[in-house]
Amino acid sequence: MIRIAPSLLSADFSRLGEQIDVLEKCNPDLFHIDVMDGHFVPNITIGPVVIRSIRNCTKIPFDVHLMISHPNRFIKSFADAGSDIITVHAEAKHNLDETIKLIKEYNVKAGVAINPDTPLSTIEKVLNRIDLLLIMTVHPGFAGQKFIHDVVPKIKNARNIIDTEGLKLDLEVDGGINLKTGKIAVDAGANILVAGSFIFKGNVKENIEQLRKVGK
Ligand code: DX5
Ligand code: ZN
């Protein structure tokens, strides 16, 4: 079974609570929340204050994607705000092992993300310690970009390693996911699809249902 994680970045922030209500009725598996610091990526979004306030609106788990330069400095804030999964980038300025340990100390699931140009070998040694591997299918920073097809072999390799080594972690893809690219990613081995623009354009419920079907 694949899981669907709508990215709140494409929601209308002037009525975030209402948008979460609409989404919740569509049975998403996770809410994907994109945190950007204007330094690790050339865009700024939201932080723990907003996460804490929307935490009261829903019980759906929060999949918090930290696109920030020094994630280790903010793990406590994001854990306290109500994150269920905290994903940090391998390319950020931190000791990845220590940050993973820190996330787990707060009883939050730990994820590691890699950019399209970052090889799997960079993070292979931590795979047995994390709950989620996020393979970026666009360069992080903005919603609405085109899926980078060159990343597909990396998704396949990751699935191969996970299955061969019997690892228990989710393989998530993020960026440019629609019905066509979602199917490509799932066929390559992804089991969580993050989608922003695709889900919020038109009928949200139908879009989530259709996206879920690419896994069947
Ligand atoms: C990009 C973010 C994504 C983005 C996805 O940096 O990590 O989660 O919001 O949006 P779409 O689905 O529009 O590419
Ligand atoms: Zn994201």
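FYI, it's all coordinate maths here, none of it is from the lab. It should be emphasised that the depicted structure is a prediction, and the values quoted were computed from it without experimental measurement. Cβ placement follows ideal geometry from the backbone for every residue including glycine, while neighbour counts extend to all protein chains displayed.
Just need the relative contact order of the chain here, percent rounded to a whole number, with Cα pairs under 8 Å and 6+ apart.
Taking the mean separation of contacting Cα pairs over the length of the chain, I get 21 percent.
Remark on Thr118: its backbone amide H falls under 5 Å from none of the residues 5 or more positions apart or on other chains, H modelled at 1.01 Å from N. For the chain, a Gaussian network of Cα nodes joined below 10 Å ranks Val64, Val138, Val41 by mean-square fluctuation, and the top entry is Val41.
If packing is taken as the mean number of other Cβ atoms within 10 Å per residue, what is the order of 18-29, 92-103, highest first? It would help to have the intermediate numbers written out before the result.
Values: 18-29: 15.8, 92-103: 17.8.
The packing order, highest mean first, is 92-103, 18-29.
Looking at the stretch 103-168, I'd like the Rg to Rh ratio, where Rg is from alpha-carbon atoms and Rh is Kirkwood's inverse mean 1/r.
Result for the stretch 103-168 is an Rg/Rh of 0.99.
Give the percent of DSSP beta bridges with both residues in the chain that are antiparallel, rounded to the nearest 5.
Values: 1 of 33 bridges.
Among the beta bridges of the chain, antiparallel pairing accounts for roughly 5 percent.
Computed 3J(HN,Hα) for the stretch 162-170, one whole-Hz value per residue from the Karplus formula 6.51 cos²θ - 1.76 cosθ + 1.60 where θ = phi - 60°, is 4, 6, 5, 8, x, 7, 10, 9, 7, glycine and proline marked x. Would you list Leu132, Leu179 from fewest to most Cβ contacts within 10 Å? Final ranking by Cβ density, sparse to dense: Leu179, Leu132. Here the Kirkwood formula, the inverse mean of 1/r across different C-alpha pairs, assigns the chain a hydrodynamic radius of 17.0 Å.
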